[in-house]
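J.: Sharing a structure here in structure tokens format.
Just so you know, all these numbers are worked out from the coordinates, no wet-lab data involved. Keep in mind it's a predicted model, so treat the numbers as computed, not measured. Methodologically, a virtual Cβ is constructed for each residue, glycine included, from the backbone with ideal geometry; neighbour enumeration extends over all protein chains shown.
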There are 2 protein chains.
Amino acid sequence: MPRPRQFDEDRVLSAVRSTFWDKGYAGTSLEDLMSASGLGKGSLYGAFGDKQSLFLRVLREYDDANDRMLRGWLDEADRGIDVVREFVIGSFRDPSGEYARRGCLLANAAMELSASTAEVAAEARRSYAATSAVLADAIRRAQREGDAAARLDPDLTAQAVLAGQLGLVVLGRIGQDPAALTLMAEALLTGLIPAN
Amino acid sequence: MPRPRQFDEDRVLSAVRSTFWDKGYAGTSLEDLMSASGLGKGSLYGAFGDKQSLFLRVLREYDDANDRMLRGWLDEADRGIDVVREFVIGSFRDPSGEYARRGCLLANAAMELSASTAEVAAEARRSYAATSAVLADAIRRAQREGDAAARLDPDLTAQAVLAGQLGLVVLGRIGQDPAALTLMAEALLTGLIPAN
DNA sequence: GTCCGCCTGGACCGATCGGTCCACAACACG
DNA sequence: CGTGTTGTGGACCGATCGGTCCAGGCGGAC
């Protein structure tokens with residue numbers, strides 16, 4: 001009997017995510033969210049709660065989507081090493097650097113809010129743990145496939161790879177040349193995951 | 001004949017830096033800066049200009065101090081490799097993780113403001129270029145001293161080391177265990193700068 | 001001691017913030 | 001087709017933001 005929603009929740013969340021991604025949490029005003037989503041304040045609050053709840057929801061869905069994507073890669077990849085390679089290099093393939101400049105919503109949020117919002121720090125730790133677990137699986141598979149040295153500790157190597165990629169994300173955000181970032185990514189990969 | 005300054009500029013800048021460091025740019029209000037420095041608004045504006053000018057000044061001095069410190073290490077170190085090692089591992093030696101949680105003022109600022117403030121992005125690129133130049137010198141020296149493989153490209157390796165350290169800074173900021181960070185730092189060093 | 005100058009701190013400003021609330025509209029049900 | 005319930009969007013709120021301005025104080029120069 002009630003009046004049904006007049007908006008597509010996924011479209012709204014996508015618009016909201018994009019706005020937070022580009023402007024950061026503090027830099028995004030409710031007005032920004034309203035114009036990006038096309039909703040009024042009442043609808044936004046009624047559907048998603050306050051600004052922080054909305055942000056945390058968007059962040060968690062972003063993390064989950066990334067995790068699912070990475071696991072999907074691993075399921076479908078020909079070789080485990082390809083997943084690690086794609087994870088480290090993929091973000092910087094765009095020659096314009098536009099992608100790189102956006103950075104990663106999670107990394108942006110973690111740097112901006114970890115100190116003040118415990119939930120964000122916890123979410124970041126959770127997500128990075130999940131990511132490095134998938135990377136460790138990929139590295140173990142690469143070891144079986146002869147693409148990674150058997151002496152490597154898969155878990156520790158996965159974490160080091162994650163750290164390297166995170167650093168590249170930071171450098172990408174400040175506008176570093178994507179070609180240089182790609183070279184650095186290659187150096188990280190060959191150094192951290194030797195073949196023999 | 002004029003009335004002289006009644007405050008120590010260095011002390012004020014130090015207090016301001018600490019506040020920006022902990023709270024971020026947007027998260028720091030003028031009230032925060034006033035109470036941290038002990039100055040009124042008039043004095044703050046008269047001496048340093050508006051909030052953004054003050055922030056950029058503090059950031060540049062922070063970068064310069066870091067650069068001088070790193071160069072000083074290189075001048076006094078017994079071996080080049082020690083400088084690289086200290087650069088990567090040094091920040092996470094504090095077992096409480098308090099240091100790690102603060103992160104790096106430059107990295108924090110770069111992630112928060114690069115997208116919206118071109119000066120910050122440019123300053124970050126400038127500072128990271130300076131840092132990787134010193135690291136490259138250290139790696140060249142390590143090669144001469146037999147602590148780094150001769151086949152390494154010093155400049156590229158320095159950039160990869162910088163990326164790895166940046167990633168560790170991000171992970172430190174979200175509260176990752178310092179012991180785990182140290183292990184990752186060791187993995188990055190041994191992988192990126194093999195000895196033979 | 002006098003006076004001119006800059007320094008100082010806080011009152012004050014308009015803008016904007018996140019959040020609340022309400023009058024109205026739109027739809028499903030009986 | 002009436003009725004009830006919820007979605008909707010904008011008016012409105014107090015708080016706080018960064019920034020301006022000024023009256024008074026303090027200190028050197030003479």
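J.: Across segment B:60-69, which residue is surrounded by the fewest Cβ atoms within 10 Å (Cβ to Cβ) among those that are touching a helix residue (DSSP H, G or I) at 6+ places or on another chain (Cβ under 6 Å) and touching a residue at least 60 places away in the same chain (Cβ under 8 Å)?
T.: Step one: of segment B:60-69, the residues touching a helix residue (DSSP H, G or I) at 6+ places or on another chain (Cβ under 6 Å) are B:62-63, B:67.
Still in the list and also touching a residue at least 60 places away in the same chain (Cβ under 8 Å): B:63, B:67.
Working: B:ASP63: 20, B:ASP67: 16.
Only one residue fits best here, namely B:ASP67.
J.: Next up: Are any of the residues in segment B:38-61 acidic (Asp, Glu), away from DNA strand C (no atom under 16 Å from the Cβ) and under 13 Å from the mean Cα position of the chain (by Cα)? First the steps, then the outcome.
T.: First, the residues of segment B:38-61 that are acidic (Asp, Glu): B:50, B:61.
From the residues that got through so far, the ones that are away from DNA strand C (no atom under 16 Å from the Cβ) too are B:61.
If we keep only those that are under 13 Å from the mean Cα position of the chain (by Cα) too, we end up with B:61.
There is at least one residue in segment B:38-61 that is acidic (Asp, Glu), away from DNA strand C (no atom under 16 Å from the Cβ) and under 13 Å from the mean Cα position of the chain (by Cα).
J.: Note down all Cβ pairs under 7 Å where the first residue falls in segment B:12-39 and is within 13 Å of chain A (Cβ to nearest Cβ) and outside any helix (DSSP H, G or I), the second is within 16 Å of DNA strand C (Cβ to nearest atom) and not charged (D, E, K, R), and they're at least six residues apart or on different chains.
T.: Listed pairs, sorted by first residue: B:ALA26/A:ALA26; B:ALA26/A:GLY27; B:GLY27/A:ALA26; B:GLY27/A:SER116.
J.: Continuing with this model, one more query. When only residues in segment A:27-46 that are among the small types (Gly, Ala, Ser) and in contact with a helix residue (DSSP H, G or I) (Cβ under 7 Å, 6 or more places away or on another chain) count, which is farthest from B:GLY24 (Cα to Cα)? Talk me through it step by step, then tell me what you get.
T.: We begin by selecting, within segment A:27-46, every residue among the small types (Gly, Ala, Ser); these are A:27, A:29, A:35-38, A:40, A:42-43, A:46.
Retained after the next criterion (residues that are in contact with a helix residue (DSSP H, G or I) (Cβ under 7 Å, 6 or more places away or on another chain)): A:36-37, A:40.
On the way: A:ALA36: 26, A:SER37: 28, A:GLY40: 30 Å.
Looking at residues that are among the small types (Gly, Ala, Ser) and in contact with a helix residue (DSSP H, G or I) (Cβ under 7 Å, 6 or more places away or on another chain), I get A:GLY40.
J.: So in segment B:101-154, with the set limited to residues that are under 27 Å from B:ARG173 (Cα atoms) and of a type in the set (D, E, K, R), which one is surrounded by the most Cβ atoms within 10 Å (Cβ to Cβ)?
T.: Among those that are under 27 Å from B:ARG173 (Cα atoms) and of a type in the set (D, E, K, R), it is B:GLU112.
J.: In the list A:GLY80, A:GLY72, which residue meets the criterion of being crowded, with 19+ Cβ neighbours inside 10 Å and either within 14 Å of another protein chain (Cβ to nearest Cβ) or more than 16 Å from DNA strand D (Cβ to nearest atom) (or both)? Please lay out each step first, then the result.
T.: Details: A:GLY72 fails: crowded, with 19+ Cβ neighbours inside 10 Å.
Among A:GLY80, A:GLY72, only A:GLY80 is crowded, with 19+ Cβ neighbours inside 10 Å and either within 14 Å of another protein chain (Cβ to nearest Cβ) or more than 16 Å from DNA strand D (Cβ to nearest atom) (or both).
J.: Related question: For A:GLU31, which of the numbered conditions (1) crowded, with 18+ Cβ neighbours inside 10 Å; (2) within 9 Å of DNA strand C (Cβ to nearest atom); (3) acidic (Asp, Glu) fails to hold?
T.: Just one mismatch for A:GLU31, condition (1).
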